[in-house]
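Please read the structure below before turning to the comments.
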Amino acid sequence: MSPFGAVSSCSRLCSGVWLLKPGMQKMSSFSFHTAARCAARDYYEVLVLGGGTGGIAMSARMKRKVGAENVAVVEPSKTHYYQPLWTLVGGGAKQLAASARPMGSVIPKGVEWIKSQVTALDPDKNCVWLENDIKVSYKYLIIALGISLHYEKIKGLPEGFNHPKIGSNYSVQTVEKTWRALQDFKEGNAIFTFPNTPVKCAGAPQKIMYLSDAYLRKTGKRSKANIMFNTSLGVIFGVKKYADALLEVIKDRNLTVNYKHNLIEVRADKHEAVFENLDKPGVTEVHQYEMLHVTPPMGPPAVLVNSPVSDEGGWVNVDKETLQHKKYPNVFGIGDCTNLPTSKTAAAVAAQSGVLDKTISLVMKNEMPVKKYDGYTSCPLVTGYNKVILAEFDYNAQPLETFPIDQSKERTTMYHMKADMMPLLYWNALLK
């Protein structure tokens, strides 16, 4: 796995109000694994690929269903990160250390941790291959491998991060560089990007822009800053209700949005960013920057590309309502690695985990799945150091809100929920 890749297989930068949704499990006691083996056995009733949000949540549910000794998690990383916090780390509001836990401490007690990487999947033979040609078979397979970051698809990266004035909230190696670049800002362009690929948490690339605006105002530098959001998309956000609210924020704070602009090169030694105009292929623009925040291109993990379990794009091919694989009935997918047509967030994983739990229970009984996932996802859109617009919506991009208030309004209460309550709920409820 690249050092600039996803450190935890299915973590992401957004979290929603999953505590307030039905089906949450009660908090359970803290557990810690002192060791992990490459492969303790060659067969498990339930094999989980990935130790991120989806993988850990499902391993906890499967432990209760079939017993800890019959469940294993394949995950090479030593650390599990709560990545939604990285928006605030990049903005100087939280410390990076607060987002990390040892991987062994979040894997459910008694569940086997296979500290290895998946190299191939063979669903026709009900097995996967790990490093060193180790084969592990299963009765049921849950794929929660997350999404991969591809900084290398932007010319000049990732080596450009060795220079100042550039950061990215999407990598543990670069998130603190965002805060450093913001602190060191003097005058000029502050540029924030959105790539021409699927991303985890579509709101995160612009959240850091709003935090940067607030910081520069607080430090008296805002008048010397030209803040730009260069996005490959044609809209600011995919749900109209929240897009309208964000456009008001953008107007009020004198922020510039350039649509259909995709970052293709960074000349970090010259502090230049090169963008292609997607409406005019081949036409590029070069912008000088004093600060640059990069959201990298993303895609499915390499092991899934051209895999029997994946669609043409490399995403795990599951039924969008049951999360059961469309071809292999004993294979299931959850989270960022799937082709579910909804935003890739922790809130989505929380909602999916409840549905998938019911799906697997019925499949184990040779019954048809009946519980349906409606595409629920959530993204707390941080618009300042004490302001959040809480976006919640479904497959049809229609608001699916929790509270009896207008959630398109900036609210301090929602900020504290995002910054303070959600991390506690993540570690002590969702993962359990």
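The values are calculated or read from the model by the stated rules, or taken from the named source; none is laboratory data. Since this is a predicted model, take the numbers as computed values, not measurements. With ideal geometry, Cβ positions are generated from the backbone for all residues, glycine too; neighbour counts draw on all protein chains shown. Ligands, DNA and RNA are stripped out before the accessible areas are found, and what is left, the full protein with its side chains, is counted by its heavy atoms. Shrake-Rupley method; radii C 1.70, N 1.55, O 1.52, S 1.80 Å.
Name the residue, out of Thr413, Thr383, that is among the β-branched types (Val, Ile, Thr) and crowded, with 16+ Cβ neighbours inside 10 Å. Before the answer, list the steps.
Values: Thr413 fails: crowded, with 16+ Cβ neighbours inside 10 Å.
Going through Thr413, Thr383 in turn, the sole match is Thr383.
Yes or no: Ala35 modelled with pLDDT under 50 and either over 27 Å from Val388 (Cα atoms) or assigned by the TED database to the domain that holds Thr345 (or both)? Lay out the reasoning, then the answer.
Values: modelled with pLDDT under 50: yes; either over 27 Å from Val388 (Cα atoms) or assigned by the TED database to the domain that holds Thr345 (or both): yes.
Yes; evaluated as a whole, the condition is true for this residue.
What residue, of Gly220, Gly146, is open to solvent by 10 Å² or more (accessible area, probe 1.4 Å), in a loop (DSSP other than H, G, I, E, B) and on the phi > 0 side of the Ramachandran plot? Don't jump to the end; show me each part of the working.
Working: Gly146 fails: open to solvent by 10 Å² or more (accessible area, probe 1.4 Å).
Residue meeting the stated conditions: Gly220.
Please specify each residue of the range 164-195 satisfying the condition of being part of a loop (DSSP other than H, G, I, E, B) and either open to solvent by 70 Å² or more (accessible area, probe 1.4 Å) or farther than 23 Å from Gln95 by Cα (or both).
Narrowing the range 164-195 to residues part of a loop (DSSP other than H, G, I, E, B): 164-165, 168-174, 185-187, 195.
Passing the criteria: Pro164, Gln173, Lys186, Glu187, Pro195.
Taking the range 130-140, which residues are farther than 24 Å from Val363 by Cβ and either open to solvent by 20 Å² or more (accessible area, probe 1.4 Å) or among the basic types (Lys, Arg) (or both)? Don't jump to the end; show me each part of the working.
Of the range 130-140, the ones farther than 24 Å from Val363 by Cβ are 130-134.
Residues satisfying the conditions are Glu131, Asn132, Asp133, Ile134.
Among the residues in the range 90-100, are any in a strand (DSSP E or B) and of a type outside the set (Ser, Thr, Tyr)? Outline the logic, then answer.
Looking only at the range 90-100, we keep the residues that are in a strand (DSSP E or B), and these are 100.
Subset that is of a type outside the set (Ser, Thr, Tyr): 100.
Yes: one or more hits.
For the range 339-349, which residues satisfy the criterion of being touching a residue at least 60 places away in the same chain (Cβ under 8 Å) and either open to solvent by 10 Å² or more (accessible area, probe 1.4 Å) or of a type in the set (Val, Ile, Thr) (or both)? Break it down into steps so the answer makes sense when it comes.
First, pick out the residues of the range 339-349 that are touching a residue at least 60 places away in the same chain (Cβ under 8 Å): 343-349.
The answer is Ser343, Lys344, Thr345, Val349.
Looking at the range 186-233, which of the residues that are in contact with a Lys or Arg (Cβ under 6 Å, 6 or more places away or on another chain) and not acidic (Asp, Glu) is farthest from Thr284 (Cα to Cα)? Working first, answer last.
So the first thing to find is which residues in the range 186-233 are in contact with a Lys or Arg (Cβ under 6 Å, 6 or more places away or on another chain), and the list is 187, 200-201, 213, 216.
Cutting the leftovers down to not acidic (Asp, Glu) gives us 200-201, 216.
On the way: Lys200: 26, Cys201: 27, Leu216: 29 Å.
Checked the range 186-233; the qualifying residue farthest from Thr284 (Cα to Cα) is Leu216.
Pick from Leu390, Leu400, Leu362: which is under 22 Å from Lys200 (Cβ atoms), out of contact with any Ser or Thr (no Cβ under 6 Å at 6 or more places or on another chain), surrounded by fewer than 23 Cβ atoms within 10 Å (Cβ to Cβ) and among the hydrophobic types (A, V, I, L, M, F, W, C)? If you could, list the steps in order and put the result at the bottom.
Details: Leu390 fails: surrounded by fewer than 23 Cβ atoms within 10 Å (Cβ to Cβ); Leu362 fails: under 22 Å from Lys200 (Cβ atoms).
Step by step, each of Leu390, Leu400, Leu362 is checked, and only Leu400 is under 22 Å from Lys200 (Cβ atoms), out of contact with any Ser or Thr (no Cβ under 6 Å at 6 or more places or on another chain), surrounded by fewer than 23 Cβ atoms within 10 Å (Cβ to Cβ) and among the hydrophobic types (A, V, I, L, M, F, W, C).
Sort out for me the strands (runs of 3 or more DSSP E) sitting completely within the range 259-304 that have 3 or more residues that are modelled with pLDDT of 95 or more and buried (at least 19 other Cβ atoms within 10 Å of the Cβ).
Working: elements: 261-267, 272-277, 284-288, 291-293.
Of the strands (runs of 3 or more DSSP E) lying wholly inside the range 259-304, those with at least 3 residues that are modelled with pLDDT of 95 or more and buried (at least 19 other Cβ atoms within 10 Å of the Cβ) span 261-267, 272-277, 291-293.
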